[in-house]
Each structure stands twice: as C-alpha cells, then as structure tokens.
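The values are calculated or read from the model by the stated rules, or taken from the named source; none is laboratory data. All values reported here derive from a predicted model rather than from experimental measurement. Every residue, glycine among them, receives a Cβ derived from its backbone with ideal geometry; neighbour counts consider all protein chains shown. Protein only, heavy atoms only, side chains kept; ligands, DNA and RNA dropped before computing areas. Shrake-Rupley method; radii C 1.70, N 1.55, O 1.52, S 1.80 Å.
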Amino acid sequence: MEYSRHDIIEMLRSEGRRKHELFRLAAEVKNAAVGEGVYLRGLIEYSNICRKNCYYCGIRCNSDTDRYTLSHQQVLEAAQYAFDNNFGSVVLQGGENNSEKFISDITSLLHEIKSLSNGTLGITLSLGEQTLETYRQWLEAGASRYLLRIETSNRALYGRLHPCDITHDYDRRLQAIKDLQTAGYMAGTGVMIGLPFQTVEDLADDLVFMRDMNIDMCGMGPYIVSAGTPLERYADELQSEQWRFDMTLKMIAVLRLLMPDINIAATTALQAIDPEGRLKAIAAGANVIMPNLTPDNLKGMYTLYNNKPMSFDTKILEKNIRYGEKGDPIHFMKRDLPSNGK
Ligand code: 5AD
C-alpha cells in the first residue's frame, strides 16, 4: 500500500487505541516481511574524537570531554566476544575523523575482524562522512553496511542544529549517503525525534525521505538533551521525554509500514528514557538490537547524551534472537544491483 504524506501525519498523530493498532499492524507487517527474529549487532564505540561540532552532541569537538580511541587489541577482543557469542555482526562506530592514519587503521581492523571470524561476522561501519574512495576502500576491506544519519531531512532545521560551514553542510551529508549506495553498501540512515523546532510534519517528511532514498536500514531515536551543548538552552521548550519516546515508536511503526523489508534498529537512546525502551521498539516494528561491547571503563566516555544506558540484557529476548546470523536487510538482497549477480 502506498501511504501519502497525509496518511503518515495522521498515523504519527495517533493516540490511544489507534496508536496500539498501529503498533500491532507494524509488528504483523514485520513478521510477514522479515520474520519475528531479532538480529544482534555488537556495538563497538571505537573513538570519541570528532571533527564535527554539532549543537546537540556530547562528543562535539568543542566539548571538554576526555578523548579516547580503542587500541586494535581492544577492538579485536570485542569482535572476538561477538563472534564467540554468536552475535552475527558488529558495528564499529565513532566520531568523524578523516585523517590518513584513521582511515588506514580502520582498514586494517576490518581485515583483522574478518579473519578472526573466518569471514563470517558481518561488519557495519558508522564513522561519518568520508570520501567515496574511502568508502570503497573499507568495503573492499570487509565492511558491508554503513550507517549515516541525515539527523533531519529538513534542510533549514539541519542548518539550525549545526554550525553554518563547509564541515556541516546538508548537501555534503546527503551526497555521502548517496556515495554509500553507489559504492555498494547496505546503507542506513536515521533521524533524531523531538528536536527543538521540529514539527510532526518534519518527521513525516523524514519518513518520506527514507522511502525516496530507498534505504536498507534505519536507526532513529529520541533527542535527549546533552548537558553543556548549545541546544541545552532549549530544554524547557521541548516536547516531554514521554512524547519523544512515544513518537519514536510511532516513527518506527510507520516506517515498517512504508518499507516492510528493511532492518530497523531499536536504538539505545530509547532505553535512556524507558528501561524497556528497546523491547517496546521491537514490539512496534524494529528488528535489530545493538548490545554495547565497548570495554566497560570506556563506555562512559562515549557520551552522546545524558543518561546513556550501559548495558542491555539480551536474555529478555532470548527466544527471538537470531544467533549466528549476519542479518542482511532483505530489502538490499532484492535490489537490482550488479553486485547481487542480477
Ligand atoms: N540525543 C540523541 N541522539 C543523539 N545523537 C547525538 N547527540 C544526540 C542527542 N543529544 C545521535 C546522532 C548521531 C548518533 C551517533 O547519535 O543522531 O548520528
């Protein structure tokens, strides 16, 4: 069924019985399109060094956070843990860094993770905007998926959330997402929900954007105030945390209706508001969970926002977890790409 922008807005505004009906329908559509199972991606927060200065983010280059980068050994131990525990895949995420050393360090890590798992562990990268050439190099080295959130598809709003300079350019970001698709990645994007100045219409447009971009994966979460950031001053003007949480579940559910066979993550930020946040997201249409495998003593330094949860007990989901499966998005497999041999 082709949903119009108007339909999407209506669904995002639903409350009470209609909202629960939406979640139920999304779960049904998910089960039919991608099955009931939940895929695990072990999240490795590689480094909090970042060249960007986004007004919402706790690891922006202008914040006085202590900086770290994991050693190769630490990354490989986390990847080994994921492999030994049958996670199926890992995500290497970090602040944006374009240095030659960074790019080549990631390249060697990709080779090493592939070899420790005999090529079986899926690897997703989430390392910001890079050149098409770098994206290609990393794909060649073993990465197959990449997450790059557009943050908001409203260009004017994007401008208010970021410094107005070449490093934070909306068009450059959009191009980077397209480059990922050109390179042949399974490409994911996402947005923050409940940002200052953001409307329900903007959120509907975000979903239309994802459909138009024909993405394979999505990770979106509620905006959570990060102490000490420039956006903190709008904290009193935001929708309540409960509203942002609920709206995130509705965004997940509607996206599942729009794009039944993509992978949708139940994100950590949901858990910062509600201890059952990620489970509720699974019930509303998500099918991916990213347990944090960053070494315990460093997790606390990757503070994108306040109250970041540090762990997640996968046992709660035990029966539905697809252990040992890479969990590539079915949407991508169906694509008419030369690399798919079609
Ligand atoms: N609240 C919620 N999400 C945030 N991110 C960064 N800062 C915040 C915040 N204050 C998200 C961005 C980024 C991802 C790594 O973390 O969407 O892409």
Mean Cβ-within-10 Å packing, highest first, puts peptides 202-210, 247-255, 169-177 in the order 247-255, 202-210, 169-177
What is the Cα radius of gyration of region 78-222 over 2.2 N^0.38 Å, N being its residue count?
1.10
Accessible surface of region 1-136 [probe 1.4 Å, protein heavy atoms]: carbon and sulfur percent:
49 percent
In this structure, the FRET efficiency calculated for Asn214 and Asp84 from their beta-carbon separation, with R0 = 22 Å, to the nearest 0.05, is 0.05
Reduced Cα scattering model of region 1-55, Debye log10 I(q)/I(0), q = 0.12, 0.21, 0.28, 0.30 Å⁻¹
-0.59, -0.85, -1.18, -1.25
Distance in nm between label sites at Ala227 and Ser4, each 7 Å beyond Cα in the beta-carbon direction?
4.8 nm
When Lys and Arg each count +1 and Asp and Glu each count -1, what net charge do the other residues less than 11 Å away from Cys218, Cβ to Cβ, add up to?
+1
Euclidean distance of C-alpha centroids, region 115-180 and region 210-281, integer Å
19 Å
Apply the Kirkwood formula to the chain: the hydrodynamic radius equals the inverse of the mean of 1/r over all pairs of different alpha-carbon atoms; give it in Å with one decimal.
20.1 Å
What is the packing order of peptides 256-268, 7-19, taking the mean over residues of other C-beta atoms within 10 Å and listing the highest first?
256-268, 7-19
Placing one identical point scatterer on every Cα of region 1-111 and ignoring solvent, what is log10 I(q)/I(0) from the Debye formula at q = 0.19, 0.24 Å⁻¹?
-0.95, -1.25
Isolated Cys in the chain, by beta carbon distance under 4.7 Å:
Cys50, Cys61, Cys164, Cys218
Per the helix-only model, the chain has a calculated mean residue ellipticity at 222 nm (DSSP H runs of ≥4, -39500 (n - 2.57) each, divided over all residues, rounded to the nearest 500) of -12500 deg cm²/dmol
Obtain the nm distance between the two label points defined at Arg13 and Cys164 by a simple spin-label model: each point lies 7 Å from its Cα along the Cα-to-C-beta direction.
3.3 nm
Percentage of interatomic Cα-Cα distances in region 202-321 larger than 20 Å:
47 percent
Take Lys178, project a point 7 Å from its Cα along the Cβ direction, then tell me which residues of region 141-163 have their backbone nitrogen under 18 Å from it.
148-156
Between Glu77 and His20, what is the label-point separation in nm under the 7 Å Cα-to-beta-carbon projection?
4.7 nm
May I ask you to order 294-303, 131-140, 146-155 by the average number of other C-beta atoms within 10 Å around their residues, highest value first?
146-155, 131-140, 294-303
